[in-house]
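Okay, structure first, notes after.
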């Protein structure tokens, strides 16, 4: 199956200012087959980049491995992610070798509108899979799952059962856009306008919920949860592309559910 960008199983081509020097495929191959020692031995550097941890500011291993870690995150093709995951697992197992006093920061998930809409339309219909929606509400109450006010606006437009569920159950789920979030607008718009996107794509992006979602994620150190995947298109700005450019973490809703070990168990009828 061809990946976004038409590059086959080598993945997508990074936008301007995200490409490493030299031949990407050759460097990637060397990186995966012979990873730097700092990547395989320092849990601090890897976990800080991918799990939202805060390392000691003077961490030598972090300075040494961060460029490679970012590189692997951005360019590793899907058929080689087993090696990347193996390195990540090994780094966690060798935590005692790291003297960086790593402190992990618990980040909450921030749901894109398509998480709600596709769940309602496809896999987790409100009528036959209420457990999914109960799970969202339960994790919102514990501070693990949120969305934003602009996503709520999009859901309201539908005027359907999802709108009714939101109005009746979702108090506290949708974060308001405050001054802290607004302070991140410039960073998001600056990155977008410095890429190769068409003017119409930029104009559209700056008017929709995606723009606000990224700003909220930056302001609150959230993990963005979306069904979107990276793409090379200059006609539409995808959330994962912006996340990669701004070094934000993102995942699919299925990855979120597996990470949280969610279980939707059918009740036994008496």
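Label-to-label distance, residue 229 versus residue 189, with points set 7 angstrom from Cα along the beta-carbon direction: 3.2 nm. Oblate is the label for segment 137-193. Its Cα gyration tensor axes, ordered a ≥ b ≥ c, give a/c of at least 1.5 and b/c at or above a/b. To the nearest 0.05, how large is the calculated FRET efficiency for residue 204 and residue 261 if R₀ is 41 Å and r is the Cβ-Cβ distance? That pair, residue 204 with residue 261, gives E of 0.65. Label-to-label distance for residue 149 and residue 196 is 3.8 nm, based on points extended 7 Å past Cα in the beta-carbon direction. Shape class for segment 115-157: oblate, because the ratio a/c of the largest to smallest gyration tensor axis (alpha-carbon atoms, square roots of eigenvalues) is 1.5 or more and b/c is at least a/b.
Sequence gap at least 6, Cα distance under 8 Å: using those rules, report the relative contact order of segment 135-236 to the nearest whole percent.
Relative contact order, segment 135-236: 29 percent.
Projecting label points 7 angstrom from Cα along Cα→Cβ for residue 179 and residue 159 puts them 3.8 nm apart.
Throughout, read-outs are computed from the coordinates displayed, never taken from laboratory work. Keep in mind that this is a model prediction, so the values were computed, not measured. So basically every Cβ, Gly included, is an ideal-geometry build from the backbone, and we count neighbours across all protein chains shown.
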